[in-house]
Each structure stands twice: as C-alpha cells, then as structure tokens.
Amino acid sequence: MGKKIEYTNGELTIIWQPELCQHAGICVKTLPGVYKPKERPWIQIENATTAELIAQINQCPSGALTYRMNKEVKGGPPACLILIERSIPYRILLFSP
C-alpha cells in the first residue's frame, strides 16, 4: 500500500495518495484556492466548503483524492449521500456515517 497524506477541516478529511495521481489538474482547475501545487501544504482545505470539496474529489479521475466524513449527524436520522456518476458502467457511491 502506498503513501497516504491526510488533510482535515474537522468535518471532512481528504486523503491524498500521491502514487495514484495522474496529474490531470482537475483539482487545481476546479478549486484553485484549495489545491496549490507550488505551496506547502499544497492542499488548503479551509478555502472551500465541505460540499465543494466533495464535489471536486468525486471528479478525480485517478482516485488519488478520496475523503471520509469525520462527524456524525446527531438529533435526527442518519445522513446519507448518494452520488451517481454518468459513466459506463454507472458508478453509484453511497456514504452513510
């Protein structure tokens, strides 16, 4: 298993696996305020909302960027996020804390 680097905003943790990265640049083009390859740390997670980060991470073609939610929803039914990607075959992602 390769190297994994994590960045968190408390609610969400981004997991970056540099060995998987194909350098397509989609992350930088989509959220240039977050992904700054010439700076350290290169991912500045505080510069976008959790929803914006999730939407961008789901566009990563190599799977080098993934995420996990850190907090559970309290006081109600469990939250569930379903993402359906239009590709062949369809990819359905279900997240339930």
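None of the figures in this text is laboratory data; all of them are computed from the coordinates on show. As the structure is a prediction and not an experimental result, all values here were calculated from the model. For neighbour counting, all protein chains shown are included, and Cβ atoms are generated from backbone atoms with ideal geometry for every residue, glycine included.
Here are the numbers for this structure:
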quantity	calculated
Estimated translational D of the stretch 1-55 in µm²/s (Stokes, Kirkwood radius over Cα pairs; 10 °C; 1.306 mPa s)	135 µm²/s
Hypothetical label at C21: residues of the stretch 51-69 whose amide nitrogen lies under 17 Å (7 Å Cα-Cβ projection)	56-67
Theoretical gain in end-to-end length, I5 to E52 [0.36 nm per residue, Cα-Cα removed]	14.9 nm
Candidate lysines - alpha carbon under 25 Å from K71, same-chain residues fewer than 8 apart omitted	K3, K4
